[in-house]
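Derivation of every value follows stated rules applied to the coordinates shown; laboratory data play no part. The shown structure was predicted, so the numbers you read here are calculated from the model rather than taken from an experiment. As a convention, Cβ positions derive from the backbone with ideal geometry for all residues, glycine included, and neighbour counts pool all protein chains shown.
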Number of protein chains: 2
Amino acid sequence: MKAKVSITLKRGILDPQGQAVLHALSSLGYTGVKDVRVGKLIELDLATHDRAGAEAEVKAMCERLLANTIIEEYRIELME
Amino acid sequence: MKAKVSITLKRGILDPQGQAVLHALSSLGYTGVKDVRVGKLIELDLATHDRAGAEAEVKAMCERLLANTIIEEYRIELME
């Protein structure tokens, strides 16, 4: 089973990397971009096929290691 | 209109960051993880509401700036 974890900065947290991308896009002529936020995408390949167990385990991994829950939020998608 | 761009390393390209996360998870006791790949998630807030135009523009941004198409592939999702 595969898990896709999207980790993004919480609303209100400054995103300097996103601002840098926004400015770079603007210098390339893409002036129709109002805002950019940059996050992480972590794809996990899990040995288990138990959906509920996998979800709980990936949630624990996010809380303990993958995300900094003070400033980031995460979303988990599971696929067979 | 919002665009979500997922940028991942192509299959076959080594992912040292993913390997580091895999080892860290394994030391925390999550031994049921077979592989980890780390990518980027870029969320763009676009001024336009023209779906086809937005898709073409975001694709051009990926090719020119956001992704390194030698080693990375990208997927674009558009939302109102």
(request) Return the average number of partner chain Cβ atoms within 10 angstrom of each residue Cβ along peptide A:27-36. (result) 5
(message) Using only the alpha-carbon atoms, how far is helix A:51-61 inclined from the longest principal axis of chain A? Give it as 0 to 90 degrees, nearest 10.
(response) 60
(message) What does the net charge come to around residue B:18 if you take all other residues with beta carbon closer than 14 Å to its beta carbon, with K and R at +1 and D and E at -1?
(response) +3
(request) Run through the other copies and list how far each one's label point is from that of residue B:27, in nm with one decimal, shortest first; the point sits 7 Å from Cα along Cα-Cβ. (result) 3.8
(message) Could you give the length gained by full extension between residue B:72 and residue B:27, i.e. 0.36 nm per residue of separation minus their alpha carbon distance, to one decimal place?
(response) 13.3 nm
(message) Could you tell me how far the Cα centroid of region B:16-54 sits from the Cα centroid of region B:58-80, in Å?
(response) 15
(request) Of the options A:47, A:62, A:76, report the single residue whose Cα projects farthest towards the positive end of the charge dipole of region A:41-80 (beta-carbon charges: Lys, Arg +1; Asp, Glu -1). (result) A:62
(message) Under 10 Å, Cα contacts only: if you run a Gaussian network model on chain B, which one of B:38, B:58, B:21 comes out with the highest mean-square fluctuation?
(response) B:21
(request) Determine the sum of side-chain charges near residue A:8: Lys and Arg each +1, Asp and Glu each -1, restricted to other residues whose C-beta is under 12 angstrom from that of residue A:8. (result) +3
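Could you sort out which of A:40/B:2; A:59/B:59; A:2/B:40; A:4/B:2; B:10/B:59; A:59/B:10 sit more than 28 Å apart by Cα distance in this structure?
In this structure, A:59/B:59 exceed 28 Å between Cα atoms.
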(request) Report, in deg cm²/dmol and to the nearest 500, the calculated mean residue ellipticity at 222 nm for the protein assembly as shown, where each DSSP H run with n ≥ 4 adds -39500 (n - 2.57) and the sum is divided by the residue count. (result) -9000 deg cm²/dmol
(request) Could you work out how far helix A:16-27 tilts from the main Cα principal axis of chain A, as a 0 to 90 degree angle to the nearest 10? (result) 50
(message) To confirm my reading of the symmetry, which residue of chain B has the Cβ nearest the axis that brings B onto A, and what whole-Å distance does it have?
(response) B:41, 2
(message) Students often get this wrong: which residues of region A:20-41 have the backbone nitrogen under 12 Å from the point 7 angstrom along Cα-to-C-beta of residue B:17?
(response) A:38-41
(request) Find every distance from the label point of residue A:49 to the corresponding label point in the other copies (7 Å from Cα along Cα→Cβ) and write them in nm, one decimal, shortest first. (result) 4.8
